[in-house]
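Student: The following block contains the structure, expressed as structure tokens.
The values are calculated or read from the model by the stated rules, or taken from the named source; none is laboratory data. Here the structure is a predicted model, which means the values were calculated and not measured. Every residue, glycine as well, gets a Cβ built from its backbone with ideal geometry; the counts of neighbours run over all protein chains shown. With ligands, DNA and RNA removed, areas are computed over all heavy atoms of the protein, side chains included. Shrake-Rupley method; radii C 1.70, N 1.55, O 1.52, S 1.80 Å.
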Amino acid sequence: MNTVPVWSVDARSGAPAVRVTVETATDAVDRAVRAAQIALPALADRRARAALLRAAAERLEARGPELIAAADRETALGTPRLTGELARAAYQFRAFADAVDEGAFLDVVIDHADPQAAPAPRPDLRRWKVPLGVVAVFAASNFPFAFSVPGGDTASALAAGCPVVAKAHPDHPQTSELAAEALREAAESVGLPAAVLALVHGRQAGVDLVQHPLIAAAGFTGSIPGGRALYDLAAARPVPIPFHGELGSLNPVVVTERAADARAEEIGSGLGGSFTLGMGQFCTKPGLVLVPAGAAGDRLEQALAAAAGQAPAGALLDARMRAGFLEGFAERAALPGVDTPVAAGEQRAEGLEQGVRPGYLSLPAALLAQPEYRPLLEECFGPVTVVARYQGPDEVAAVLARLGGNLTATLHAEPDEPDAAALLERLTPLAGRILFGGWPTGVAVAPAMHHGGPYPATTGTGTSVGGTAVDRWLRPVVYQNTPQQLLPPELHDANPLGIPRRLDGALQR
């Protein structure tokens, strides 16, 4: 039996507040996974799944004050931010319930037999998607609701018909326990076994999950080192499994000369608000901003410095992240030619013993071609951004060519600029979401949203936000020349459930 305690720590003071539980032992992980596997058939009924998802939203809302209070103590993200995030989580559950009711995510395609088809006769083919099995979900540090136990990975997996074993993040174990209780209560309230959602704690429990033979896929939001280690474990299994990881993103921004000339103050102040939002702990924080050299760029930086200088101090999620932020800023600031118009640093106060203040760095873009400046092209978690001043389009192209994959890339340009389309085309290979104007912090929960990108932003091509997030937990199966009475009703010619489908090449709704 594992006796290592799991403590809930006050993020503002750094003091342990509540002993929540103990780390989950390997045999307990095994029991949770096996119970989830036994519960898998109970999720086969789409009506039951939709009811579960709606009940989950209701239970989260009903326990909102308790959940928000715990999350605020454990993350220091603040009641207003967490209230909005919990509402987002509830909305996600309801949105996936609607998707389950509609059934389009099943991707039903029926091609009737055609003995005259060329170049060869065609058999009767009926394809749809089925759940993979039990899914492991790793909670994120920076979103205790939307990307954690009651987050999009869990909601989309349950929508797909997959039970979930969630691994709590050590930064918010009590919040995770409360959220898991709400989801298990929701399951039982609609006649489903509570085992469709289980929760484990501890680093080794995460390893045990990924290596368990009954785990069919995993979802992860976190750091590049941690995510890559788990990805490699998933690939090294005797039977490898999909590992859908969101690891790290710089989220570059390009500001053209015309945009800077027309809107320097607006862009500078907007950038200041974006990179300090949530103390810079958004996965979509703009971490590298290419700004033209010259007077317009100077005005932009003045507005940025004013906004960053006025941004309040705050606590980061934990002491390790705080140390990483302070060390990362100092390492980058020490490079020759790097200026610190607003210096980040410690800012302690009573009730904010773990406080830091935001800052930003500025340097000539040409320096980024040198290997020793590579850290400036890598994510630094926390309230910091890098402004790279470029002399012309060749320097912009050279910097973009050195970047890895990202969740987002943003272009600030005037709509009638002749080079705007070419810049968008250059940014498109770098990210999964391309913005024209505005700022990437904040991800709309909508059917068309894509929250993912080339590695290291994510380890695959799927999205963790939006309607198609469910696709990650499904696989296609086609039935050939199978009598309809042996098939699920979704694959019958009569379409008794009214599922959107493609029949003999024509889309039907």
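Matching residues to (1) in contact (Cβ under 8 Å) with a residue 40 or more places away in the chain; (2) of a type in the set (Lys, Arg); (3) open to solvent by 50 Å² or more (accessible area, probe 1.4 Å); (4) closer than 27 Å to His212 by Cα:
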site: Pro80; (1), (2), (3), (4): no, no, yes, no
site: Pro131; (1), (2), (3), (4): yes, no, yes, yes
site: Phe145; (1), (2), (3), (4): yes, no, no, yes
site: Gly151; (1), (2), (3), (4): yes, no, no, yes
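Student: Still on this structure: Is it true that some residue in segment 21-28 is more than 23 Å from Gly133 (Cβ to Cβ) and assigned to a strand (DSSP E or B)?
Tutor: yes
Student: Being in contact (Cβ under 8 Å) with a residue 60 or more places away in the chain and outside any helix (DSSP H, G or I) is true for just one of Phe282, Phe275. Which residue is that?
Tutor: Details: Phe275 fails: outside any helix (DSSP H, G or I).
Testing whether each residue is in contact (Cβ under 8 Å) with a residue 60 or more places away in the chain and outside any helix (DSSP H, G or I) leaves just Phe282.
Student: So, one more: Just to be sure, is Leu368 closer than 30 Å to Pro170 by Cα, buried (at least 21 other Cβ atoms within 10 Å of the Cβ), of a type in the set (A, V, I, L, M) and touching a residue at least 24 places away in the same chain (Cβ under 8 Å)?
Tutor: Answer is no for this residue.
Student: Given the conditions (1) open to solvent by less than 20 Å² (accessible area, probe 1.4 Å); (2) under 18 Å from Gly202 (Cβ atoms); (3) in contact with a Gly (Cβ under 9 Å, 6 or more places away or on another chain); (4) of a type outside the set (A, V, I, L, M, F, W, C), which single one is not true for Ser8?
Tutor: The single condition Ser8 does not satisfy is (3).
Student: Quick one: would you say Ala157 is touching a residue at least 12 places away in the same chain (Cβ under 8 Å), among the small types (Gly, Ala, Ser) and open to solvent by 10 Å² or more (accessible area, probe 1.4 Å)?
Tutor: no
Student: Let me ask something additional. If Ala180 satisfies every condition in (1) part of a helix (DSSP H, G or I); (2) in contact (Cβ under 8 Å) with a residue 40 or more places away in the chain but one, which is the exception?
Tutor: (2)
Student: Among the residues of segment 113-128, is any farther than 30 Å from Arg31 by Cβ, among the small types (Gly, Ala, Ser) and in contact (Cβ under 8 Å) with a residue 60 or more places away in the chain? If you could, list the steps in order and put the result at the bottom.
Tutor: Our first condition is that a residue be farther than 30 Å from Arg31 by Cβ; within segment 113-128, this holds for 113-128.
Going one step further and asking which of them are among the small types (Gly, Ala, Ser), we end up with 113, 117-118, 120.
From what is left, the residues that are in contact (Cβ under 8 Å) with a residue 60 or more places away in the chain are 113.
Among the residues of segment 113-128, at least one is farther than 30 Å from Arg31 by Cβ, among the small types (Gly, Ala, Ser) and in contact (Cβ under 8 Å) with a residue 60 or more places away in the chain, which makes the answer yes.
Student: Separate question: Can you pull out the strands (runs of 3 or more DSSP E) entirely within segment 413-509 that have at least 1 residues that are of a type in the set (Val, Ile, Thr)?
Tutor: Fully inside segment 413-509 and qualifying: 431-436, 474-480.
Student: Counting only residues that are open to solvent by less than 20 Å² (accessible area, probe 1.4 Å), closer than 20 Å to Glu177 by Cα and basic (Lys, Arg), how many does segment 12-53 have?
Tutor: So the count comes out to 0.
Student: Please indicate, with yes or no, whether at least one residue in segment 54-71 is modelled with pLDDT of 95 or more, over 30 Å from Leu214 (Cβ atoms), hydrophobic (A, V, I, L, M, F, W, C) and surrounded by fewer than 18 Cβ atoms within 10 Å (Cβ to Cβ).
Tutor: Yes, segment 54-71 has at least one match.
Student: Which residue, of Thr463, Thr428, is farther than 30 Å from Glu327 by Cβ and either modelled with pLDDT under 95 or open to solvent by 30 Å² or more (accessible area, probe 1.4 Å) (or both)?
Tutor: Thr428
Student: Between a residue in segment 466-479 that is over 18 Å from Gln92 (Cα atoms) and of a type in the set (Lys, Arg) and any residue that is open to solvent by 10 Å² or more (accessible area, probe 1.4 Å) and not in a strand (DSSP E or B), which pairs come within a Cβ distance under 8 Å, given they are 6 or more apart or on different chains?
Tutor: Arg475/Leu132
Student: Could you tell me which residue of segment 168-211 is nearest to Ala319 (Cα to Cα), considering only residues that are among the charged types (D, E, K, R) and open to solvent by less than 30 Å² (accessible area, probe 1.4 Å)? I'd like the intermediate steps shown before the answer.
Tutor: Initial filter on segment 168-211 (among the charged types (D, E, K, R)): 171, 177, 181, 184-185, 188, 203, 208.
Narrowing the set further to residues that are open to solvent by less than 30 Å² (accessible area, probe 1.4 Å) leaves 171, 208.
Working: Asp171: 10, Asp208: 26 Å.
Ranking the qualifying residues of segment 168-211, first place goes to Asp171.
Student: Do we have Ser249 as under 29 Å from Asp419 (Cα atoms), open to solvent by less than 10 Å² (accessible area, probe 1.4 Å), at pLDDT 95 or above and within 17 Å of the chain's Cα centre (by Cα) here?
Tutor: Yes.
Student: I've got another one for you. In segment 111-154, what count of residues is obtained for those that are part of a loop (DSSP other than H, G, I, E, B) and more than 17 Å from Gly442 (Cα to Cα)?
Tutor: Here the count works out to 16.
Student: Kindly list the number of the only condition in (1) at positive phi; (2) surrounded by fewer than 21 Cβ atoms within 10 Å (Cβ to Cβ) that fails for Gln391.
Tutor: It is condition (1) that Gln391 fails.
Student: Could you give me the residue pairs with C-beta distances under 6 Å whose first residue belongs to segment 298-317 and is under 30 Å from Ser141 (Cα atoms), whose second residue is of a type in the set (Val, Ile, Thr) and at pLDDT below 95 wherever it lies, and which are 6+ apart or on separate chains?
Tutor: Between residues of segment 298-317 that are under 30 Å from Ser141 (Cα atoms) and residues that are of a type in the set (Val, Ile, Thr) and at pLDDT below 95, there is no close pair.
Student: If you take the residues of segment 288-310 that are over 25 Å from Gln347 (Cβ atoms) and among the aliphatic types (A, V, I, L, M), which of them is surrounded by the fewest Cβ atoms within 10 Å (Cβ to Cβ)? Let's see the steps before the verdict.
Tutor: From segment 288-310, those over 25 Å from Gln347 (Cβ atoms) are 290-300; that's our starting set.
Restricting the remaining residues to those that are among the aliphatic types (A, V, I, L, M) gives 290-291, 293, 295-296, 300.
Values: Leu290: 23, Val291: 29, Ala293: 17, Ala295: 11, Ala296: 21, Leu300: 28.
That would be Ala295.
Student: Would you point out which residue out of Leu335, Leu317 is under 19 Å from Ser274 (Cα atoms) and in a loop (DSSP other than H, G, I, E, B)? First the steps, then the outcome.
Tutor: Working: Leu335 fails: under 19 Å from Ser274 (Cα atoms).
Among Leu335, Leu317, only Leu317 is under 19 Å from Ser274 (Cα atoms) and in a loop (DSSP other than H, G, I, E, B).
Student: Let me ask another. Scan Leu106, Leu53, Leu67 and give me the residue that is under 25 Å from the mean Cα position of the chain (by Cα) and under 30 Å from Pro123 (Cα atoms). Don't jump to the end; show me each part of the working.
Tutor: Working: Leu53 fails: under 30 Å from Pro123 (Cα atoms); Leu67 fails: under 30 Å from Pro123 (Cα atoms).
Unique residue meeting the criteria: Leu106.
Student: Hey, another quick one. With the checklist (1) at pLDDT 95 or above; (2) open to solvent by 20 Å² or more (accessible area, probe 1.4 Å); (3) of a type in the set (S, T, N, Q) in hand, flag the one item Gln508 doesn't pass.
Tutor: (1)
Student: Suppose we filter segment 369-397 for residues that are closer than 30 Å to Leu317 by Cα, within 29 Å of the chain's Cα centre (by Cα) and assigned to a helix (DSSP H, G or I); how many remain?
Tutor: Qualifying residue count, segment 369-397: 5.
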